[in-house]
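Remarks on the structure that follows.
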Amino acid sequence: MGVYILKRVGSVIPILLLAILLLTAMIHLSPVDPAEAYLSAAHIQPTEEVLAQKRAEFGLDQSFLTQYVTTVVRLASFDFGTSYVSGKPVLDEVLLRLPATVQLALSSLLLAIFVSIPLGFLAGIRKNGFFDHLSRGIAFIGASIPSFWLGYLLIFFFSVQLDLLPVGGIGSPSHVILPAITLALPLIALYTRLLRTSVIETMREPYVLFARTRGIRETIILGKHVLRVAIPPMLTGLGMNLGKLLTGTIIVETVFSWPGFGRYFIEAIFDRDMPIIQGYVFLAALLFIGSSLLVDLLQLAIDPRIARKGGDRR
Amino acid sequence: MNVSRRKKSIIQAVSILSITTLLFGCSNPNEGADNKSDQDTLTLAWPRDIGEMNPHVYNPSQLFAQSMVYEPLVHYAEGGKLEPFLAKSWDISKDGKTYTFTLRDDVKFSDGSTFDATIVKKNFDAVLKNKALHSWLGFISKIDKTEAVDKQTFRMTLSEAYYPTIQELAVVRPVRFLGEAGFPKNGDTSKGVEQEVGTGPWVLDEYKADQYATFKINKNYWGPKPKVKKIKVDIIPDAESRVLAFEKGDIDLIFGEGAISVDAYNQLKETKSYKTTMSEPVATRLLIMNTKKKQLADERVRQALQYGFDKKTLVEGITSGLEAPADFILPPNLPYTSNLNVEKRDFDVKKAKSLLDEAGWKLPNGKKIREKDGQPLQIEMMYDAAELVQKAMAETLQSEWATIGVDLKIVGVELPDQVQRFKDNKFDINMYSNFGAPYDPHTFVNIIGTDGFGFKEAISAYPNKDQLLQEMKDVLKTTDETKRQKMYAEILPSLQDQGALVPISYLKKMAIYQNGVTNFKFAANRDESPFAQIGIK
C-alpha cells in the first residue's frame, strides 16, 4: 500500500511540470505581446523603447527554455512573480482575494451537501414520489440554466423585486445567499440524482431484503444500511468536483460583484497580465490534481484492495 | 414503512431543509439597503477597482478617480479651450521652447502643505525619472530642464518647439501634483506613494480593494466646495448587475462609455423613472481601410464602399441613438477640427456600383461577387468580439456591401489581438476610435505619422502621403496659431477624402441617474470625473 501511495503522489510531479510547460507556452502561443497589452490597457501608445524596457522587465526577452526553467524554479518555491499591471507580488494579490473565493466555494459546497443528501435520499426511497419529482425539477433547472442567467434571475427576484437580499458585494451573511445558491444549484442537481440512483440500487441489495425479513425497523434499515452505503460514492464525486467549484466561481463572482480571485482572473485575462494568469492556472491545476489525489487516497482508505489491484496492473 | 414512520422521516427532512435555510438566511433583510445613499453621499457604480491613488502611474488606476484627487496646471474646457487652473497664467517664448507658469498662491494640499513651484518641480522630476514610460505624451520626451524660479514661478524648457504642450498638461496622468508627504524617500513615485495627498476637491476616505472606495471633501480645497459631502464608488464588474443595483436604488449614478448595454439604457430611459443624458462626442468610430491590400489600394474601391452603406440607418439602428452618425474623422468639438471642408459621401448604391465597375471589378453573369482578373472582390474586416456594437456594425456592413457585389468576411478578435494585428498591418479593414479630448487632434496626427501604429502603412497608397507625413510632423512644431489652423485644415480633409479613414459615428458617454441627482454635467476632458457640481435632493 505504501508503494502505491508513493507512486500515486510521485505521479503528480510530471503532471505539474507539463502544466507549467503549457503555462510558459501560453505566452508564446498568444499573438499578443504582454508588454504591448499592458501598455495598451494603460492607454499608453507604446514606443519601441518602452516596449523593450517592459519586455526585459517581464523577462520576455529570454529564450523559451530559460523562461520555462525559471518558471519551474519560481513556482517550486511558491514564488509566482509580480503582476504586470499592479506591480505587486502575485501571491499577495491571490492571498488578498482567495479567502472570499474559498468562503463562497465552501458555502456552496455546504449548501449542496445539506440540500442534496436529504433530497436525494428522499427521492431514492420514494421513487416517483413528491421528492423524486422535486429532485428531477431541480436537476433539470440546475443542469440547463447557465450560472450567470440564474444569477440575474435571483438578483431580479430577491433583490430588486422583493428587496430581501443585496444585489452583490460581500460583508454580511445575507450577501452570500444568492451567489451560493447560484454556484450550488448545478452541484445539487448532480448529487441529488447521484444519491437517488445510489439509494435505489442499495435498496435492491440482498442484505437490505435480508434485514427486512429479519424484521428490523425501516428507519434503521434506511439509516444504517442504505444511507451509509449510498453516501460514499457521492462524496467521491464531490471531492472530484472541488476544483471545479473553485474555478466555477469566476462567473458567479463577476455577476455578484464578489471580490474573489475568480473575478480578478477575468480582469487579468483582459489585461494579459501573464503572471496572474499563470498563478491562477497553476493553483487551479494544483487543486484539481490535489483533489483527485485526495479522492484516490480516500478510496484506498475505504477499500485497500485498490492498492493490490493497482499493483497487479503494474 | 408505516404511516407514523413515514411522517417522521418527512419531518426529519423538512427540519434539515429548514435548518439549512436558517443557516444561510440568518440575516437582516434590510442589510441590502446599507448601500442606499443619503443626501450627503452620491453612490456610483464602476466596473473596476479604482486602483492606486498615485498621480504618476497608469493601469490599474482609474482615470476618473485620479482626477478627483489630483489636479493639473491647465484645465481642458468645453470646445477645447485651455483655461488656467493651478497655473493662473503662462508665457511661451517666441521660439516655442520655454514655458513659464505663474502658479496660484491660494492652493494647499489636502494635508495643509503649500502648493508652490518647488513641489511642481519635484513632481515633474519624479515623472521624468521614468521618461521612457511616459514618452507617449509628446512633450515629456522633449523636456530639457525644469526650474522653480521663485515660489510662484515654474519654468520648463523643451529641446524643440512642441505646440500641444499646454494641451497635454491638461491630461489626467502623469503630470498632476502630489504633496510632499506623498513622496517616497527615493523620490521615485512609480513604485508607489506614501500618502494620497493632492490639491483636488476630494480625498480618499475609505478603500476596500475590489469592493468600494469613498471620497470625502478636501477641507483645504481652494476652489468651490462640492455640493455632496461624499462620493461612494461601488465596484460592480458586470454591466447587467450594475443595472439591477441601480434599479434597486443602491446606486445613484452610472456613467461612462458603454457603462451599460444600449438595450438596458433605453429600457431604463423609457420607464421615465430616471434621468438620462448623453455627452458631446468624445471620439469618432472609424473604419481604417488598409491601402496596402490590393483590393483597397484603388481609391475608387474605397469610395464605392463608402457610398455602399447607409450610415445614418446603420448608426441609429445599432446604437438606438446612443451614437450619432459622423461626418468627420475627428469630432468637430475638438480644437482645429471644426469647419473642415470634406467631401460628403452619402448612401448611393448606383454610384458605388459604377465606381466598382470603373475600377475594373465587374459582376460576372449569374454571380453575386464582383471579380477582376479572375479574383473575387473579397475583403476582411476585423472587430473587437467583446464589443457588441462593433459586431453588429460589421454584420450590417457585410449585408450592405453584399448588395454591391463585395464579399466581406468579418472576423471577431479580442481587443489586444485587434491592436496587435493593426500594428502588424495584418488587416484589410479595422474598426478604430481615436483618443478624444484632451489628446486630439495632435495625438491622432502624431500616431498616423509614426511607424508601427498601423496608420502610416494603411495610408501608404495615398499619392500625397510624403507631403502629408511631413505636414503631420511640422504641425506639432508650429508656433504660429493661424498657420497651425491652416495646416490641420489641409491634413484632416486630405486624410478623409482619400477614403482610407472612414468616419462612422461619434462615440458619446452615457449617464443615468436617480431623480434626486441634480446638476449632472459631463467634463469636457474625456477622462475626468463629473462630480464637481453634482447635488442630491
Members of region B:116-143 that are of a type in the set (D, E, K, R) and closer than 15 Å to residue B:155 by Cα: B:116, B:121, B:122, B:125, B:142
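Checking the structure you have, find out if any residue of region B:287-295 is within 14 Å of chain A (Cβ to nearest Cβ) and either over 23 Å from the mean Cα position of the chain (by Cα) or not small (Gly, Ala, Ser) (or both).
Filtering region B:287-295 for residues within 14 Å of chain A (Cβ to nearest Cβ) gives none.
No, the conditions are met nowhere in region B:287-295.
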Selection count, region B:156-213, where residues are touching a Gly at 6+ places or on another chain (Cβ under 8 Å) and free of Cβ contacts under 8 Å to residues at least 12 places away in the same chain: 2
Subset of region A:103-126 [farther than 16 Å from residue A:249 by Cβ, under 23 Å from the mean Cα position of the chain (by Cα) and more than 10 Å from every other protein chain (Cβ to nearest Cβ)]: A:116, A:120
Which listed residue, of B:288, B:329, is over 19 Å from residue B:388 (Cβ atoms), in contact with a strand residue (DSSP E or B) (Cβ under 6 Å, 6 or more places away or on another chain) and in a loop (DSSP other than H, G, I, E, B): B:329
Index of the failed condition, residue B:240 passing every other in (1) modelled with pLDDT of 95 or more; (2) under 22 Å from residue A:168 (Cα atoms): (1)
Selection from region B:425-457 of residues that are of a type in the set (D, E, K, R) and touching a residue at least 24 places away in the same chain (Cβ under 8 Å): B:428, B:440, B:457
Entirely in region A:230-294, the helices (runs of 4 or more DSSP H) that have 1 or more residues that are of a type in the set (Ser, Thr, Tyr) and within 18 Å of residue A:89 (Cβ to Cβ): A:261-271
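Within region A:99-119, identify whether any single residue is within 30 Å of residue A:34 (Cα to Cα) and buried (at least 21 other Cβ atoms within 10 Å of the Cβ), and answer yes or no. Step through it out loud before you land on a result.
Taking region A:99-119 first, the residues within 30 Å of residue A:34 (Cα to Cα) are A:99-102.
Retained after the next criterion (residues that are buried (at least 21 other Cβ atoms within 10 Å of the Cβ)): A:100-101.
There is at least one residue in region A:99-119 that is within 30 Å of residue A:34 (Cα to Cα) and buried (at least 21 other Cβ atoms within 10 Å of the Cβ).
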Of all residues in region A:152-165 being in contact (Cβ under 8 Å) with a residue 12 or more places away in the chain and facing another protein chain (nearest Cβ under 8 Å), the one that is farthest from residue A:235 (Cα to Cα): A:159
Restricting region B:57-87 to residues that are within 14 Å of chain A (Cβ to nearest Cβ) and not aliphatic (A, V, I, L, M), the residue that is surrounded by the most Cβ atoms within 10 Å (Cβ to Cβ): B:66
Residue match in region A:71-91 (condition: more than 12 Å from every other protein chain (Cβ to nearest Cβ), in contact (Cβ under 8 Å) with a residue 24 or more places away in the chain, aliphatic (A, V, I, L, M) and farther than 28 Å from residue A:175 by Cα): yes
Hits in region B:176-192 - residues which are modelled with pLDDT under 95 and buried (at least 19 other Cβ atoms within 10 Å of the Cβ): B:189
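Can you tell which of A:28, A:43 is modelled with pLDDT under 85 and surrounded by 15 or more Cβ atoms within 10 Å (Cβ to Cβ)? Explain how you work it out, then say what you get.
On the way: A:28 fails: surrounded by 15 or more Cβ atoms within 10 Å (Cβ to Cβ).
Going through A:28, A:43 in turn, just one is modelled with pLDDT under 85 and surrounded by 15 or more Cβ atoms within 10 Å (Cβ to Cβ): A:43.
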Residue match in region A:127-141 (condition: more than 9 Å from every other protein chain (Cβ to nearest Cβ) and of a type in the set (Val, Ile, Thr)): yes
Matching option when the condition is within 14 Å of chain A (Cβ to nearest Cβ) and surrounded by fewer than 19 Cβ atoms within 10 Å (Cβ to Cβ), among B:535, B:452, B:436: B:452
Given (1) in contact (Cβ under 8 Å) with a residue 12 or more places away in the chain; (2) within 12 Å of another protein chain (Cβ to nearest Cβ), index of the condition residue A:223 fails: (1)
Failed condition for residue B:165, given (1) within 25 Å of residue B:444 (Cβ to Cβ); (2) within 14 Å of another protein chain (Cβ to nearest Cβ): (2)
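Restricting attention to helices (runs of 4 or more DSSP H) lying wholly within region A:1-91, give those where 2 or more residues are of a type in the set (Asp, Glu).
Working: elements: A:2-10, A:12-29, A:34-41, A:48-58, A:64-76.
Answer list for region A:1-91: A:48-58.
Among B:355, B:322, which is among the hydrophobic types (A, V, I, L, M, F, W, C), surrounded by 19 or more Cβ atoms within 10 Å (Cβ to Cβ), in contact with a Lys or Arg (Cβ under 7 Å, 6 or more places away or on another chain) and within 30 Å of residue B:276 (Cα to Cα)? Spell out the reasoning first.
Details: B:355 fails: within 30 Å of residue B:276 (Cα to Cα).
Answer to the check: B:322.
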Complete set of residues in region A:169-187 that are of a type in the set (A, V, I, L, M, F, W, C) and at pLDDT below 90: A:187
Identity of the residue in region A:166-214, outside any helix (DSSP H, G or I) and more than 13 Å from chain B (Cβ to nearest Cβ), that ends up farthest from the chain's Cα centre (by Cα): A:214
Region B:301-326, residues that are within 30 Å of residue B:256 (Cα to Cα) and part of a loop (DSSP other than H, G, I, E, B): B:309, B:310, B:320, B:321, B:322, B:323, B:326
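For every residue, the table says whether it meets (1) surrounded by 24 or more Cβ atoms within 10 Å (Cβ to Cβ); (2) of a type outside the set (Gly, Ala, Ser); (3) facing chain B (nearest Cβ under 8 Å); (4) closer than 30 Å to residue B:45 by Cβ.
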position: A:240; (1), (2), (3), (4): no, yes, no, no
position: A:243; (1), (2), (3), (4): no, no, no, no
position: A:247; (1), (2), (3), (4): no, yes, no, yes
position: A:252; (1), (2), (3), (4): yes, yes, no, yes
position: A:257; (1), (2), (3), (4): yes, no, yes, yes
position: A:261; (1), (2), (3), (4): yes, yes, no, yes
position: A:266; (1), (2), (3), (4): no, yes, yes, yes
position: A:269; (1), (2), (3), (4): no, yes, no, yes
position: A:276; (1), (2), (3), (4): yes, yes, no, yes
Subset tally (residues that are under 14 Å from residue B:378 (Cβ atoms), within 13 Å of chain A (Cβ to nearest Cβ) and among the aliphatic types (A, V, I, L, M)) for region B:400-428: 1
Within region B:129-162, considering residues that are within 14 Å of chain A (Cβ to nearest Cβ) and not in a loop (DSSP other than H, G, I, E, B), the one nearest to the chain's Cα centre (by Cα): B:134
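The values are calculated or read from the model by the stated rules, or taken from the named source; none is laboratory data. The model shown is predicted, which means the values in this text are computed figures rather than measured ones. No Cβ is skipped: glycine too gets one built from the backbone with ideal geometry, and neighbour counts run over all protein chains shown.
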